[in-house]
Amino acid sequence: MLNALNEPDLYRFFCLSLYRNIYYNVRLRIEDIAKITGEKKGVLKNFNKSMDTILTRKKYPSPINHPVYEFTMRSLYKIPAMDYKGFITLSHKFTQVKLSVKVKGYYIKLLLIAENNTIPLTNIGIANKLGISKNTVFKYNIELFQAGLLKLFPDRLELTPNELLISNDEAKQKKEWHPITGDLLPNIILSFNK
């Protein structure tokens, strides 16, 4: 998943997964996803194509109030099962952090490659590992530093996720509130192996 999605789509996937039901299915419209991420609907025109690379999407009819058409087609997103090797669990509180969608997606990627919240790479090493430019890495690192989510050192980066990163113990996760339905579900689980 690390290289399957770009930074904004990785964050959008995180937001999508927050609204899953007990069967790990999500029924959201593009307009709803745009509202959750704080973006305009037009930015998400390729969202379904991007999501098709990592999850299963099925279409279903939904009735509408229209004089000519009786229904429109909606998407049902099936969130993939978690991979237990090298995964992280993020809290829904991450959506409240005041950063751009690109920077939030970049931060998720950093969390996936970090070992004990430390990345023993320079900006060039991170750029090569994630497949983005060195200038972009530098710009994103500065934004994360200003938000208090990153400490910069000459030879490494240290992530400070605080309450955003939850223990991978599912029993503890079930105590956390689910933002929409009130169901006691674990939060998103991302793997870097896909």
Condition test on Glu176, is it assigned to a helix (DSSP H, G or I), closer than 30 Å to Arg29 by Cα and at pLDDT below 90?
no
Only one of (1) among the β-branched types (Val, Ile, Thr); (2) outside any helix (DSSP H, G or I); (3) in contact with a Cys (Cβ under 9 Å, 6 or more places away or on another chain) does not apply to Ile33, and that is (2)
Which residues, counting only those in the range 84-107, are assigned to a loop (DSSP other than H, G, I, E, B) and either among the polar types (S, T, N, Q) or without any contact (Cβ under 8 Å) to a residue 24 or more places away in the chain (or both)?
Tyr84, Ser91, Ser100
Which pairs turn up if I take residues in the range 3-24 that are surrounded by fewer than 21 Cβ atoms within 10 Å (Cβ to Cβ) and in a loop (DSSP other than H, G, I, E, B) and look for partners that are modelled with pLDDT under 90 and of a type in the set (Asp, Glu) with beta carbon separation below 8 Å, at least 6 apart in sequence or on another chain?
Asn21/Asp183; Ile22/Asp183
Among residues belonging to the range 108-133 that are outside any helix (DSSP H, G or I) and in contact with a strand residue (DSSP E or B) (Cβ under 6 Å, 6 or more places away or on another chain), point out the one that is nearest to Ala4 (Cα to Cα).
Ala114
Given the criteria in a loop (DSSP other than H, G, I, E, B), over 25 Å from Ala127 (Cβ atoms) and of a type outside the set (Lys, Arg), does Tyr60 qualify?
no
At pLDDT below 85, under 18 Å from the mean Cα position of the chain (by Cα) and surrounded by 14 or more Cβ atoms within 10 Å (Cβ to Cβ), is that true of Met82?
yes
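Can we say Ala114 is surrounded by fewer than 16 Cβ atoms within 10 Å (Cβ to Cβ) and of a type in the set (Gly, Ala, Ser)?
Values: surrounded by fewer than 16 Cβ atoms within 10 Å (Cβ to Cβ): no; of a type in the set (Gly, Ala, Ser): yes.
Here the answer is no, as Ala114 does not meet what is asked.
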Answer yes or no as to whether Ser91 is modelled with pLDDT under 90, surrounded by 13 or more Cβ atoms within 10 Å (Cβ to Cβ), of a type in the set (Gly, Ala, Ser) and within 19 Å of Tyr11 (Cβ to Cβ).
yes
Inspect all residues belonging to the range 155-165 and state whether any of them is outside any helix (DSSP H, G or I), modelled with pLDDT under 90 and closer than 14 Å to His92 by Cα.
yes
Identify all residues within the range 1-17 that are farther than 20 Å from Met73 by Cα and in contact with a strand residue (DSSP E or B) (Cβ under 9 Å, 6 or more places away or on another chain); write none if there are none.
Met1, Leu2, Leu10, Phe13, Phe14, Ser17
Failed criterion for Phe145 (all others in (1) touching a Ser or Thr at 6+ places or on another chain (Cβ under 8 Å); (2) assigned to a helix (DSSP H, G or I) hold):
(1)
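Among the residues of the range 1-40, how many are among the hydrophobic types (A, V, I, L, M, F, W, C) and within 18 Å of Gly131 (Cβ to Cβ)?
Residues flagged as among the hydrophobic types (A, V, I, L, M, F, W, C) and within 18 Å of Gly131 (Cβ to Cβ) within the range 1-40 amount to 6.
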Tell me which residues, restricted to the range 121-135, are touching a residue at least 24 places away in the same chain (Cβ under 8 Å), within 14 Å of Lys109 (Cβ to Cβ) and surrounded by 13 or more Cβ atoms within 10 Å (Cβ to Cβ).
Leu121, Ile126, Leu130, Ile132
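The values are calculated or read from the model by the stated rules, or taken from the named source; none is laboratory data. All values reported here derive from a predicted model rather than from experimental measurement. Virtual Cβ from ideal backbone geometry, glycine too; neighbours counted across all protein chains shown.
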